[in-house]
1. Ranked by accessible surface with a 1.4 Å probe, highest first, in what order do Val530, Val27 come?
2. What's the local net charge at Arg291, with K and R +1, D and E -1, over the other residues with C-beta under 15 Å away?
3. Quote the accessible area belonging to Lys250 in square angstrom, nearest 10, computed with a 1.4 Å probe and with ligands, DNA and RNA left uncounted.
4. When the expected Rg is taken as 2.2 N^0.38 Å, what fraction or multiple of it is the alpha-carbon Rg of the stretch 21-174?
5. For a quick check: with amide H placed at 1.01 Å from N, whose amide H comes under 5 Å from Phe80's, ignoring anything fewer than 5 positions away on the same chain?
6. With every protein chain left in place, what is the accessible area of Arg188 in Å² (1.4 Å probe, nearest 10)?
7. Within the chain, which complete DSSP H helices have Cα atoms spanning at least 18 Å along the helix axis and a mean Kyte-Doolittle hydropathy of 1.0 or higher?
8. Whose amide H sits under 5 Å from the amide H of Asp232, counting only residues 5 or more places off or on another chain, with H placed in the peptide plane?
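The values are calculated or read from the model by the stated rules, or taken from the named source; none is laboratory data. Given the structure is predicted, the values throughout are model-derived calculations rather than measurements. Ideal geometry is used to build each Cβ from the backbone, glycine not excepted, and the neighbour counts take in all protein chains shown. Just so you know, the surface numbers come from the protein's heavy atoms only, side chains and all, with ligands and any DNA or RNA stripped out. Shrake-Rupley method; radii C 1.70, N 1.55, O 1.52, S 1.80 Å.
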Amino acid sequence: MSNRAGQRAEPSDLVDLTALLDAYYDVVPDPSNVAQRVAFGTSGHRGSSLNGAFNEQHIAAITQAIVEYRTSAGITGPLFMGKDTHALSEPAQNTALEVLAANGVNVLIDARNGFTPTPAVSHAILVHNSTRTEQADGIVVTPSHNPPADGGFKYNPPTGGPAGSDITNWIADRANQLMENGLDGVRRIPLGEARLADSVGTYDFLAHYVEDLPAVLNLDAIRSAGLHIGADPLGGASVDYWGAIAERHKLNLTVVNPNVDPQWAFMTLDWDEKIRMDCSSPYAMASLISRAGDYDIATGNDADADRHGIVTPDAGLMNPNHYLATAIDYLYRNRSGWSADAMVGKTLVSSSMIDRVTADLGRVLMEVPVGFKWFVPGLLSGETAFGGEESAGASFLRLDGRPWSTDKDGLLLALLASEMTAVTGKTPSQRYRELTNQFGDPEYARVDAPATREQKAALAKLSPSDVTATTLAGEEITARLTEAPGNGAPIGGLKVTTENAWFAARPSGTEDVYKIYAESFKGEEHLHQVQAEAKAIVDGVIS
């Protein structure tokens, strides 16, 4: 960790916006270079124009590929498109609009010409599709919490959530083919002509989302309690939403920082001296944490508002795992409209505190691989009432058990913290301490270990029989998993569990390392032992 972590960014830390935007148009990516090809991660294609990873040709090719995918899948409804506040988001949206209009796609962009959070796009798709036969889908132009030099582009099919790998692989393959052919096959018209096309319209994302919030949250309780809420958009797409929420629903809510700056000069640096709008990082959230005592509840969101950070006067920034556990405990005890059979969804690298809370609630746990896309079917059908992941992303059902969003919703989870406090009289962090008294107090951490490309490939293809160890940190191994127990999907790595601890190892998609997530209910020293033995187990298998 840098000694500058948590300190205000200096001029030398800021991206050169002119160079960044020029590179978007001027740099021609080389599709023979793997670093410059289209590649969809868990949340779309991301990269910087400065190194040829996010440029005009990428977006034109991806958009044309999406058009062709829609045709092949019989998707004939409108395509909702939103953008966040990253500098590359507006030019990328413009490029996409030129391609969509040329192909005659009915595309709807923000009526206020503003910024659109990811959950507002998901919400719009689901609302449209709930009453119409011509199904809609969407595009969100965002790299989420990534640094200011990055751009991002993700596709949400008619299910409303992140596209599955079967869809994104098809789109990426077709986009790379188009790039290899010099964009031959990409239909496109000038931006001015595109904006006037009959197929291009607008949608008031903000009004529809804000007006519908009483269907998913007990806003009356928040208003009656008079809680003073501090909401920090961190310069992201939620900036106008928080003010509108306060005004429409008469909440005592202050928008802590209403500034939008594509350089993010007001941010404090993350652990590695990068500007990163990560609302789960105490370094990126340092400014809000320093003002925790000014509010009953304070919250932060990343640039597209699909993540949440919860700050309380008694504990500062909550660990995302801790908040997920308290949110699950509260919701399943206070949502009478939810099915008694609705499951709890978590990713396999999230805290086992969730397992213990879920068992106490008498609910079934659905444990899935990393990636919010795995929660989409359950949230859409109502079989899963809550889906959350350790990286501070979650969503849940409406009060009546119907889907609200099938993508992560940081606004929703931020407001839930206020509802919990208003209804129970306790902050989420105070409730979490009660849970630790009941179930134990786990230690959780993630570390990286070096690995070659070949070793990472071996890790991704392990079978349970490859692990011959019988104990982990002094406890008998109870499970060796290479598939998620909730849906049988490959986890792309390994998870090993004991009665009081577990570790999971997954290869990094961008670096020559693998990630070790670990947790112990027997204290910090035992956690370190788990981490050391986990590395020895994994290295022994992949070497």
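1. Details: Val530 0, Val27 50 Å².
Ranked list, largest accessible area first: Val27, Val530.
2. Working: positive: Arg8; negative: Asp232, Asp294, Asp296, Asp314.
It works out to a net charge of -3.
3. Rounded to the nearest 10, that gives 150 Å².
4. Numbers: Rg = 14.4 Å, N = 154, 2.2 N^0.38 = 14.9 Å.
Compared with the compact-globule rule of thumb, the stretch 21-174 sits at 0.96.
5. Leu108, Asp137, Gly138, Ile139
6. 90
7. Numbers: long enough: 56-73 (25 Å, -0.02); 89-102 (20 Å, 0.14); 165-180 (22 Å, -0.60); 320-334 (21 Å, -0.58); 410-424 (21 Å, 1.63); 524-542 (27 Å, -0.05).
Answer set is 410-424.
8. Placed amide hydrogens put Val256, Thr299, Gly300, Asn301 under 5 Å from Asp232.
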